[in-house]
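Report on one structure; see the data block that follows.
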Amino acid sequence: MIEVRNLTVKYDGHVALENLTFSLEHPSFLVILGPNGAGKTTLLKTFLGLIPYEGEIRIFGKEPREVRNLLGYMPQRDRINRSVPLRVKDVVMMPLLVTIGLKKEVVKRAREALRGVGMEKYWNADFRSLSGGQQQRVFLARTLARNPKAILLDEPFSATDVATKMAVIKILHRLKRERTIILVTHDVNPLVECTDKVLLLNRKMIGFGRLIDVITEENMERLYGTRVPIIRRENVCYTVGGDIHVRP
Ligand SMILES: Nc1ncnc2c1ncn2[C@@H]1O[C@H](COP(=O)(O)OP(=O)(O)OP(=O)(O)O)[C@@H](O)[C@H]1O
Ligand SMILES: [Mg+2]
């Protein structure tokens, strides 16, 4: 689904991503791990065709800017103008109205998507009155409602409680049968059951492959510059300390 070869991204000469090479099948579930400033968000934005790059990227056989409409994107911190009194339904329907147009179909899709994240009863609520985690669920519904072939999620759990996190993971787990999911997180533990591949990123690629092969104490130390104990159990492994937020 994605072929990346010798990918380098620079901001005004500053190298944010250096010489990445990997490929991902469709459908599959990729988790991207790395410290702050590692280039995780930059990589997602490059896939979306928002940032110039050197090297080669093929997504479903095409260049990033040619496949924008096949990709759903949930940004790290979504910007919604807080001075505009939007209802939940508007937040979900706005992007659909542009692509689908037909109001009845848009309403149906938006309702389904909100139901999927357990937020249908907030259909008419003022978006600003929701908690951070509830807003994040609505953003996820907005991303899913467009029915993208691949979904890019940048730290979707940063404001969610455990119950929401587990509910969203369940939704993603279901989706991954037919869609590729690429998810940036600081905590791989809740995702060990659904992830197919893990990319360890710190400007360069520190590792890429199956969770069990890639999450090793040696790789974690190279990634974060500190020791992170690992617990292995049959074919999964967990990082001790869970959420890792360590500066390189
Ligand atoms: N628009 C930009 N202009 C210049 N430099 C940028 C820009 N966006 C990101 N950078 C730099 O590129 C590097 C990677 O940033 P990026 O946001 O991709 O990291 P990240 O892995 O997503 O970090 P975090 O975990 O904090 O979200 C950082 O050094 C950052 O300062
Ligand atoms: Mg980021």
Taking only the alpha-carbon positions of segment 131-248 as identical scatterers, the Debye log10 I(q)/I(0) at q = 0.13, 0.17, 0.19 Å⁻¹ comes out as -0.54, -0.91, -1.11
A 1.4 Å probe over the protein heavy atoms gives segment 124-214 a carbon and sulfur accessible-area percentage of 45 percent
Relative contact order of segment 132-203 (C-alpha contacts under 8 Å, at least 6 apart) in percent is 37 percent
From the Cα centre of segment 21-64 to that of segment 90-165, the distance in Å is 23 Å
Surrounding charge for Lys149, neighbours by C-beta under 15 angstrom, Lys/Arg +1, Asp/Glu -1, total +4
With Cα springs under 10 Å, the Gaussian network model of the chain assigns the largest mean-square fluctuation among Thr46, Thr160, Thr99 to Thr99
Note on segment 92-164: alpha-carbon gyration tensor, axes a ≥ b ≥ c; rule is a/c under 1.5 for rounded, else prolate if a/b larger than b/c, else oblate; result oblate
Under the helix-only model (-39500 (n - 2.57) for each DSSP H run of 4 or more, divided by the residues of the chain), the mean residue ellipticity at 222 nm, to 500 deg cm²/dmol, is -9000 deg cm²/dmol
Comparing Pro148, Pro156, Pro52 in a Gaussian network model of the chain (Cα, 10 Å), the one with the largest mean-square fluctuation is Pro52
The relative contact order of segment 7-81, taking Cα pairs under 8 Å that sit 6 or more residues apart, comes to a percentage of 27 percent
Residue-normalised value, i.e. accessible area per residue, for the chain at 1.4 Å probe, in Å², stands at 49 Å²
Scan of the chain for GluC sites (Glu not before Pro) in DSSP loops with at most 14 other beta-carbon atoms within 10 Å gives a longest site-free stretch of 26-177
Cα extents of the chain along the principal axes, largest first, in whole Å, come to 52, 37, 35
By the Cα gyration tensor axes a ≥ b ≥ c (a/c under 1.5 gives rounded; else a/b larger than b/c gives prolate, otherwise oblate), the shape of segment 32-177 is prolate
Taking every DSSP bridge whose two residues both lie in the chain, the antiparallel percent to the nearest 5 is 60 percent
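The values are calculated or read from the model by the stated rules, or taken from the named source; none is laboratory data. Just so it is clear, the model here is predicted, and its values are computed rather than measured. Cβ atoms come from the backbone with ideal geometry, glycine included; neighbour counts cover every protein chain shown. Accessible surface areas use protein heavy atoms only, side chains included; no ligands, DNA or RNA. Shrake-Rupley method; radii C 1.70, N 1.55, O 1.52, S 1.80 Å.
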